[in-house]
Structure formats: C-alpha cells, structure tokens
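Everything below concerns the one structure shown next.
The values are calculated or read from the model by the stated rules, or taken from the named source; none is laboratory data. On a predicted model such as this, the values are computed, not experimentally measured, just so you know. When we count neighbours, we look across all protein chains shown, and the Cβ atoms used for this are built from the backbone with ideal geometry, even at glycine.
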Amino acid sequence: MSNRTDRLQKLYFRIGEVAGIVGVEPHVLRYWESEFRSVRPQKSARGQRIYSRRDVDTLLKVKELLYSHRFTIAGAKRKLREGGVEPIAQATVEAAPEQAPAPVAVVVRDLAEVRVLRDRLAALRDKATSYLSEVDGWGTLESPDATGPADRRSGS
C-alpha cells in the first residue's frame, strides 16, 4: 500500500505504519499509549502492536491537540474526555467505586461516537432530501426552458 489513502482502508496497522500516518516516531506512540487510556493497541501472537482505525483516529486527535493547539498532556486528556474519547482516569474510578468501571466508559465513548455519526448522517440525509426535492421541482416549473440544467445546457 503506497499512499496514505490506501493505508487508511485497512482495519489494523503496525506501529511503523501508524507512525507514518500520524507523523511521529514509534517511541512517541508508545509514550502516548502510556498517557492516553483510549489508545490500547492489541498485541499480535508475535508481540507486535496492532492498532485499530479507532486507535489511529485517536492518535491523530492527540497529535492535533498537542502539536497544533499546543495543549499539555493533561489538557489533551481533559479535552478528549470531554469529547467522550478518553475514559475517566483510573484514580477517579478507584476513589469513587460507584462510578462506571472502565468497560462501561468504553461503551459510553462508543455511544458518543455513534451519536456523532448519527447526527452527521441525519444532516446528510436532510441535504440529500433538499437536493432531491429541488430536482423534482425542475419539471414542474411553468417556464418552457426550466426543465433542468441538462436541458438548459443543450439549448433544447
């Protein structure tokens, strides 16, 4: 896979590929794993890190927050937590056991992602419906040359 678009079609990535996509060295990714609980690559049978697309997306967000917006690690964690990406810190969960354990935090994060996607899809559906109703109206206009853009261009 030669270009970045092809690489993003994959479901899982090795650390070298992720380093290339995110634009940082592999040791930086390993450090971010220790700081951000939302980045937890699986290990292959050979012990290699295998990152999911979600991990790659999270790492791209982390890089943007740290490098572009100049957040500190703590600030980036807080921002990701507010966005539902980063789970509640383990110390907070241990201090208040009645709060949701880590697996529930993951479900909450996934739910937040699904809601964002749902809202985006609803907006796209509304746009598509608007465009279709506009296209349907082309044949009903009273003007003889108002049957649609194709007819206007051809001069019919």
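Picking from residues in segment 89-108 that are assigned to a helix (DSSP H, G or I) and touching a helix residue (DSSP H, G or I) at 6+ places or on another chain (Cβ under 9 Å), the one that is modelled with the highest pLDDT is A105. Just one of the listed residues (L29, L80, L66) is surrounded by 13 or more Cβ atoms within 10 Å (Cβ to Cβ), within 20 Å of R14 (Cβ to Cβ) and not polar (S, T, N, Q), and it is L29. Listed conditions (1) assigned to a loop (DSSP other than H, G, I, E, B); (2) of a type in the set (G, A, S); (3) closer than 21 Å to E113 by Cβ are all met by G47, apart from (3). Of all residues in segment 35-87, those that are of a type in the set (G, A, S) and more than 24 Å from V104 (Cα to Cα) total 4. The residues in segment 61-80 that are free of Cβ contacts under 8 Å to residues at least 40 places away in the same chain and either in a loop (DSSP other than H, G, I, E, B) or farther than 18 Å from A112 by Cα (or both) can be counted, and the count is 12.
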